[in-house]
1. I'd like to know if region B:93-102 contains one or more residues that are crowded, with 21+ Cβ neighbours inside 10 Å, assigned to a helix (DSSP H, G or I) and modelled with pLDDT of 90 or more.
2. On the given criteria, is A:Val66 open to solvent by less than 10 Å² (accessible area, probe 1.4 Å) and either within 14 Å of another protein chain (Cβ to nearest Cβ) or at pLDDT below 90 (or both)?
3. Can you name every residue in region A:150-176 that is within 26 Å of the chain's Cα centre (by Cα), in contact (Cβ under 8 Å) with a residue 24 or more places away in the chain and within 12 Å of DNA strand C (Cβ to nearest atom)?
4. Where residues in region B:177-201 are within 10 Å of chain A (Cβ to nearest Cβ) and in contact (Cβ under 8 Å) with a residue 40 or more places away in the chain, which of them is farthest from DNA strand C (Cβ to nearest atom)?
5. Restricting to region A:1-58, count the residues that are within 11 Å of chain B (Cβ to nearest Cβ) and among the polar types (S, T, N, Q).
6. Does B:Val51 fit the bill of being at pLDDT 95 or above, buried (at least 20 other Cβ atoms within 10 Å of the Cβ) and assigned by TED's automatic domain parsing to the domain that holds B:Ser108?
7. Restricting to region B:30-44, what's the tally of residues that are in contact with an Asp or Glu (Cβ under 7 Å, 6 or more places away or on another chain) and either under 15 Å from B:Ile116 (Cβ atoms) or surrounded by fewer than 22 Cβ atoms within 10 Å (Cβ to Cβ) (or both)?
8. Could you go through region B:56-76 and let me know if any residue there is under 29 Å from A:Val53 (Cα atoms), part of a strand (DSSP E or B) and not small (Gly, Ala, Ser).
Protein chains: 2
Amino acid sequence: MTVRVLLADDEHLIRGALAALLRLEDDLTVVAEAASGPEALAMARAHRPDVAVLDLQMPGADGVSVATSLRRELPDCQVMIVTSHGRPGHLKRALAVGVRGFVPKTVSAQQLAEIIRTVHGGRRYVDQELAADAISAGDSPLTAREAEVLELAADGAPIAEIAERASLSQGTVRNYLSSAVTKTGAENRHAAVRLARERGWV
Amino acid sequence: MTVRVLLADDEHLIRGALAALLRLEDDLTVVAEAASGPEALAMARAHRPDVAVLDLQMPGADGVSVATSLRRELPDCQVMIVTSHGRPGHLKRALAVGVRGFVPKTVSAQQLAEIIRTVHGGRRYVDQELAADAISAGDSPLTAREAEVLELAADGAPIAEIAERASLSQGTVRNYLSSAVTKTGAENRHAAVRLARERGWV
DNA sequence: CGGCACCCATGACAAATGTCAGACGCGTCC
DNA sequence: GGACGCGTCTGACATTTGTCATGGGTGCCG
């Protein structure tokens, strides 16, 4: 009885190579591959894999949102996420939507195969390093609105534009930003955006 | 007569998978692997490969700086760079230091093998898409100092800090930034940093 | 019910930032 | 030699921003 695996990664090179390596394991079968979020979803519906291995960053829809849909539509399919950049926030969001495995791309193929088996067996696997980061980053002190406004400030837009996009008065926006800056301990809102991103608060 | 290849990528999963795929080609031999910039350099010195395949982002030293050293120390070794995020600036910098191939990770393993042969044959290969981006981004209108100050502004630091780090007066910093903001057409320096990054001007 | 936290807003003040004009020295190129 | 671009600086001004006090509205929890 082999484990049926879905592989989703927008980088053809990686996906192909990964598929080749996993095929070497005789208890694993790659039944489908996808290069984007929506495609991953469609493939999953068509092939009903036991385990879905998703890249975090994909065009269309990112790994976490694909995972969300997958958990709802195919509860029997265990989802795990592979990523290059392990931001604590991603891990948190992923676990919240029911992802069972979260690993950086620095693991070896052997380890990955082992983790796929672990996840398929109903257990969970989270990379030590990333877990430690997530814990030390702590919970977000930002309120929903503060985080929202901070995100709108992410591309360096002036207050007026942020206010318009958020449908708030400029004064309110400044209050939220000021509060967010205080909470993050940043020098100004731009640095605050950076810090909040690093800690996974946005 | 086979092509001797050095593979450098900090992601174990990718590197291993890539090595496995390239080994399937009988005219290619992976003679060394490295997980960081300095390690890649050391491996290259020890094994003198015909072609070095470098990831753009690696701990220690990035692909371009490794390529620079490599070109100087081992002129017979052709260098190519593989990357996930193809910023036009990277391509430009890479070509400037003598990199012969620049490809995104979206190519297939087949194509990669073919490109390695191309590069080994002394010809060049640059991804169409990336080349188009680089051309359309145009040349940087920023002076050296403007670019330098813009980089120091990248993390959202206040002017005072930028001035200190650049050993300039605050007034001068503001002048450069103002000029950079005008040239990029941005709303403020933070947006200017973003734009300049996107276009590969920093 | 009485806090309490959050949402939204206003107004006022201080500090940071963006913009502009002008000035000096240094190279390069014609 | 002179024009020109660049780097560097100063000073002044308008604008944007951050901060604070204060207010009212909502909904939740003890």
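1. no
2. Against the criterion (open to solvent by less than 10 Å² (accessible area, probe 1.4 Å) and either within 14 Å of another protein chain (Cβ to nearest Cβ) or at pLDDT below 90 (or both)), A:Val66 does not qualify.
3. Once the filter is applied, which keeps residues that are within 26 Å of the chain's Cα centre (by Cα), in contact (Cβ under 8 Å) with a residue 24 or more places away in the chain and within 12 Å of DNA strand C (Cβ to nearest atom), region A:150-176 yields A:Leu150, A:Gly156.
4. Step by step, filter region B:177-201, then rank; the result is B:Val193.
5. Final tally of qualifying residues: 1.
6. The answer is yes for B:Val51.
7. Our first condition is that a residue be in contact with an Asp or Glu (Cβ under 7 Å, 6 or more places away or on another chain); within region B:30-44, this holds for B:35-37.
Pick out the ones that are also either under 15 Å from B:Ile116 (Cβ atoms) or surrounded by fewer than 22 Cβ atoms within 10 Å (Cβ to Cβ) (or both) and you get B:35-36.
Going through region B:30-44 one residue at a time, the tally reaches 2.
8. Scanning region B:56-76, I find no residue that is under 29 Å from A:Val53 (Cα atoms), part of a strand (DSSP E or B) and not small (Gly, Ala, Ser), so the answer is no.
The values are calculated or read from the model by the stated rules, or taken from the named source; none is laboratory data. On a predicted model such as this, the values are computed, not experimentally measured, just so you know. Ideal geometry is used to build each Cβ from the backbone, glycine not excepted, and the neighbour counts take in all protein chains shown. Heavy atoms of the whole protein, side chains included, go into the accessibility calculation; ligands, DNA and RNA do not. Shrake-Rupley method; radii C 1.70, N 1.55, O 1.52, S 1.80 Å.
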